[in-house]
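Beneath this line is the structure, given in structure tokens, with notes to follow.
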Amino acid sequence: MATQQDLEDFVTQVTCPDDFDDFWGGTLEQLAQISLLPVVTANPLRSNEDVHVFNVTYLSLGGLEISAWYCVPTKGNGPFPAVINFPGYKSEPPVRRDWAKQGVAVLSVAVRGKLMSSAEFNPGYPGLLTAGLESKETYGYRGVISDCVRGVDFLHSRPEIDPERIFACGSSQGGGLTLITSALRPEIKAGVAGYPFLCCYQDAMSMFRSYPYDELACYARAYPDEEERMLDVLRYFDAVNFAPRIKCPMVVGIALDDEVCPPETSYAAYRALTSHKELWLFPNSGHGNAHDYPAQERAWLEGQIGLETVTS
Amino acid sequence: MTTSADQFWYQTEEALAEFPVNVRLYRDDFYSQPTWDVYQMRYTSADGATLFAWLSVPEGRGPFPAIIRMPDYGSVHDIVYTPLRERAVVMNPTFRGQRQSDRVYQAEFPGLLTDGIANPDTYVMRRVFADAIRAIDALSIQAQAQLREIALIGSGLGGALALAGAARRRSIHAVAANTPMALGNPLSLESGLGYPLAELDDYIRLYPEQRDAVAQNTADLDPLKIADKITAPVLLSIGINDKSVCPLIFGERLADQIPNCDLRVYQGAAEGGGHEHAQIQLSWLADKLGIG
């Protein structure tokens, strides 16, 4: 199990490219040229007396159609606070009726490659982490991150949503995407990043032999001549480099026995935050399974949103 | 007396027997490691469905113990790392509709749990259990690695599939099931549960006239109905706050009915014992497989 001292002693090898802001500024400009074209379709099977559930689609980078679950409270006229929920690496986005029942709209984004958004981009799992690694322009995560940014744009465009109360959360890959998207979209007012993935790729790929990071080690072993270029590309997608650009309050939750996302790498992202920040450490917990994490996440976000905490 | 569940399993075995297993293995150079080889494995299940599995084989001559990690409820069943991989053959099979076993049928999540549920002949989950049995058969006859004992592990749906596999195949040496899904048990039809079991209540809310059909067509899959047929030792973990996969009362009843069950109850929800239990399970498996 990692100790807090291990976390503090860790120094990442990852550096920030000089043209990092230019690259992402260019990507956001490219996104802005694409009409969102949102389509919101009621889903009677998943809706109940407390929550309207909708299937949402919108356009993202490359004109790809991205799907999402959208849960909206049935009670009250809004505008509602909203949480955007980013998915893990291999899991499908959840239908979050629990929060919607408490008066909070929730958008769960199926980034490209997820089942609902896989018609045009489907590298598979494993496979996503190495898809398009040839250049920063072609890397699959450029699209994945864009899909998250567009999810924020969707919420911001909705009349039933309070644009001043949009929050973000996710675990594992969803944690990494929470950090990254919060840096790119100041519309996000606070976020909780659990067990964040996408942090310090260069270090993480050699610390453990577990997936998904091991996909990168496999890539480096299969294409040794490409490793240097791969590591350079990954710097543009590393949450450690996004963290100092985040302006809103942020929580990072770390399990000290995490064998998927090394705790040291998640801590490096936490340390790089310059906004108001909180660190939750979970001893004797592994990746995604700290018993107290879901309740803490919920309570903290409810505090930011201004709701009274409701124990589910 | 022949029960409905007995009849279901008889029909399932007959459906499996209609097609040869036809195992095909392809070494995956990209994901193979210095100390174990990774194979893409394909084989045939009921209805002629082609299924995919990841298979890893340690370096060395064997024979090796084997672990089948039954798939949970979701589209992806990946090449999860386990430190036992260097000493045991590890198979991660998929069921129909999951990624790489989706050429004919692509499952939705949520959605799979009620797909075709109005009719026992169209209810996909009944074939998902057939696919789990087929995975054991496929591993048993593959020619790449010589095997010793086989253990089944799984969480959620994977836990239920592992228990079913052990009930149907006496060759199974040990089972470690975490929070096995209560699909088929009347408790799974209660409202107020979380996903995935909440899919059943969603369906009944929209189609109230189908309530009896849902109860009948899932009932044969209730792990309680095969629990007493499991001869292998079972390590079972549950969480007292689980309201979405394996409600506490269901897990306790299950433990009561499994002849040789070591039940561990934790403070968790659907994650069961989480990290703490993962360490216990690892030691337990290593001990049962003689690789401690």
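For region A:38-63, a tally of residues being more than 30 Å from B:PRO208 (Cβ to Cβ) and open to solvent by less than 20 Å² (accessible area, probe 1.4 Å) returns 3. On the basis of being open to solvent by less than 70 Å² (accessible area, probe 1.4 Å), assigned to a helix (DSSP H, G or I), touching a strand residue (DSSP E or B) at 6+ places or on another chain (Cβ under 8 Å) and within 22 Å of B:TRP9 (Cα to Cα), does B:LEU254 make the cut? Considered against the rule, which asks whether it is open to solvent by less than 70 Å² (accessible area, probe 1.4 Å), assigned to a helix (DSSP H, G or I), touching a strand residue (DSSP E or B) at 6+ places or on another chain (Cβ under 8 Å) and within 22 Å of B:TRP9 (Cα to Cα), B:LEU254 comes out as yes. Residues that are loosely packed, with under 15 Cβ neighbours inside 10 Å number at least 3 in the following strands (runs of 3 or more DSSP E) confined to region B:1-118: B:24-27.
Consider region A:128-153 and keep the residues that are open to solvent by less than 10 Å² (accessible area, probe 1.4 Å) and within 14 Å of another protein chain (Cβ to nearest Cβ). The one that is farthest from B:GLU108 (Cα to Cα) is A:LEU133.
The lone criterion from (1) hydroxyl-bearing (Ser, Thr, Tyr); (2) within 14 Å of chain A (Cβ to nearest Cβ); (3) open to solvent by 50 Å² or more (accessible area, probe 1.4 Å) left unmet by B:SER237 is number (3). A search for C-beta distances below 8 Å between a residue of region B:128-157 that is under 13 Å from B:SER171 (Cβ atoms) and at pLDDT 95 or above and any residue that is of a type in the set (Asp, Glu) and open to solvent by less than 10 Å² (accessible area, probe 1.4 Å), counting only pairs 6+ apart in sequence or on different chains, returns nothing.
Against the list (1) open to solvent by 50 Å² or more (accessible area, probe 1.4 Å); (2) away from chain A (no Cβ under 14 Å); (3) over 25 Å from B:GLU199 (Cα atoms); (4) among the aliphatic types (A, V, I, L, M), the condition B:VAL265 fails is (2).
Taking region A:272-308 as the range and being of a type in the set (A, V, I, L, M, F, W, C) and either in a helix (DSSP H, G or I) or more than 14 Å from chain B (Cβ to nearest Cβ) (or both) as the test, the residues that pass are A:ALA272, A:LEU273, A:LEU279, A:TRP280, A:ALA295, A:ALA299, A:TRP300, A:LEU301, A:ILE305, A:LEU307. For first residues located in region A:285-306 and of a type in the set (D, E, K, R), partners that are surrounded by fewer than 17 Cβ atoms within 10 Å (Cβ to Cβ) and outside any helix (DSSP H, G or I) and lie 6+ apart or on another chain with Cβ distances below 6 Å form the pairs A:GLU302/A:THR309. Just one of the numbered conditions (1) away from every other protein chain (no Cβ under 14 Å); (2) outside any helix (DSSP H, G or I); (3) within 20 Å of the chain's Cα centre (by Cα) is not true of A:PRO159: (3). Do you know which of the residues in region B:97-125 that are in contact with a Ser or Thr (Cβ under 7 Å, 6 or more places away or on another chain) and of a type in the set (D, E, K, R) is farthest from A:PRO126 (Cα to Cα)? Result: B:ARG103.
On the stretch given as region B:93-106, residues that are within 11 Å of chain A (Cβ to nearest Cβ) and either within 20 Å of B:SER155 (Cβ to Cβ) or of a type in the set (Phe, Trp, Tyr) (or both) total 4. Scanning region B:138-157 finds no residues that are among the basic types (Lys, Arg) and either under 27 Å from B:ASN217 (Cα atoms) or in a helix (DSSP H, G or I) (or both).
The values are calculated or read from the model by the stated rules, or taken from the named source; none is laboratory data. On a predicted model such as this, the values are computed, not experimentally measured, just so you know. So basically every Cβ, Gly included, is an ideal-geometry build from the backbone, and we count neighbours across all protein chains shown. Quick note on the areas: whole protein, heavy atoms, side chains included, nothing else; ligands and nucleic acids left out. Shrake-Rupley method; radii C 1.70, N 1.55, O 1.52, S 1.80 Å.
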